[in-house]
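The values are calculated or read from the model by the stated rules, or taken from the named source; none is laboratory data. These numbers were taken from a predicted model, which means no experiment stands behind them. Methodologically, a virtual Cβ is constructed for each residue, glycine included, from the backbone with ideal geometry; neighbour enumeration extends over all protein chains shown.
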Amino acid sequence: MKTTGSIQNQASRKYFYELNFIRAIACLLVVMVHVTARNYHMNDQTFNWATLFLNQVTRVGTPMFAIISGFLLYNQAINRGFQLNRFVSSRFTKVVIPFLVWSFVYLLVIDYSFPWQENGREMGYFLTHFFLGDGYYHLYFMMVVVQFYVLFPFLQFLKSKKSMIALTILAFFVNYFHLRRPFETGNELVNIFIQDRSSLLFWIFFFMLGGLLVHYWDSIIKLVEENAKFCLMIAFMLLGAGIYEYEVFGFYSSTRIANLIIMPIFFICIIGVYFLMGNLEKLRNQIIELGNLSMGIYLVHPLTLYLIQQNAPFLLERTRWIPAAFIITVVGSIIIVKLINKLPWGQYIVTVAGKKKTKKAKQPDHTPQKQIAV
């Protein structure tokens, strides 16, 4: 699937179509994890072979989000410079405020006893619970991202290729040893935060890997484009290795040591799907559009699942209905995100990514057919 001169100069690119495509895939994978997890809890904490398969092979979605986040931040710093005021303002409105809003929303959904209520939780317990991202089961990753944002103004000074290689190797070993045995500090409160799944130490390698990929992205994209089928085959082989892993060693989570080896290869190889869909232009564009909504979907899809469980629990209880539950969750979440985004302050509640409409730019011609920008 070769094309000549199909890769734009990276410094001039403000919108990575192939990356947004992968972000959509990661979003769908995360939704499937939570759909099958709900099935697990509604069936006396047991999986059957089908739900176990769907739950385990989709657990690569969250590390993919971390890689994408690292890539986008470093791409901005490396190719267009870093402005602290703009960075803080942007991250606060796009991530911190939605995290705060949805933490309270989900705490209200589960009828949490706030400290200011009669017989409510103690303030210290509430603040710890809140800032660990335990307002609901998916919000912990928002805190992981926030921690990386706090660290990034310092990390961005070391953004040369050599520095990024060194930092990524260092992050690999920090991540590995923390997964083997979470670090001890001697302080109980600090231990709570660094040993919780919301600790950046469980994820730092994936963010740094994303930053490192910025330096090699054009070469990677060209290589994947020319070997898309082979890359897809490698991706399926890695998923097969994941199946072998849970069959032999048992159930695993998104924070597993194997991901440190698997994810760099899988993330690159799965891009092959983007190129193989070159003849399915409309569908590919729809997936890219879904990528624009991915953060909003991530925030609201547990609410959609909660509504399904309250009104049509059979969709989540029985394996035969899992595909329907998954589709309803995705579609329902898209509708909620789009409705919220139309509100006067909707952009502060759910973040919708997208290309600025300053100029009608064409999507990079990765395939012989021209693709409509979304």
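Summary of values
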| quantity | calculated |
| --- | --- |
| Selection within the range 193-208 - part of a helix (DSSP H, G or I), touching a residue at least 40 places away in the same chain (Cβ under 8 Å) and either out of contact with any Leu (no Cβ under 9 Å at 6 or more places or on another chain) or among the β-branched types (Val, Ile, Thr) (or both) | Ile204 |
| Residues satisfying the stated conditions in the range 142-177, i.e. in contact with a Gly (Cβ under 7 Å, 6 or more places away or on another chain) and within 22 Å of Met295 (Cβ to Cβ) | Met142, Met143 |
| Matching option when the condition is surrounded by 15 or more Cβ atoms within 10 Å (Cβ to Cβ) and either over 19 Å from Phe267 (Cβ atoms) or of a type outside the set (Lys, Arg) (or both), among Leu158, Leu170, Leu201 | Leu201 |
| Neighbours by Cβ (under 8 Å, 6+ apart or cross-chain): first from the range 104-120, hydrophobic (A, V, I, L, M, F, W, C); second in a loop (DSSP other than H, G, I, E, B) and modelled with pLDDT under 90 | Phe114/Gly120 |
| Set Leu260, Leu299: member being buried (at least 23 other Cβ atoms within 10 Å of the Cβ), in contact with a Phe, Trp or Tyr (Cβ under 7 Å, 6 or more places away or on another chain) and at pLDDT 95 or above | Leu299 |
| Of all residues making up the range 242-257, the number that are loosely packed, with under 13 Cβ neighbours inside 10 Å and assigned to a helix (DSSP H, G or I) | 4 |
| Residue satisfying all of: in the range 71-130; among the small types (Gly, Ala, Ser) and within 21 Å of the chain's Cα centre (by Cα); nearest to Ile220 (Cα to Cα) among these | Ala77 |
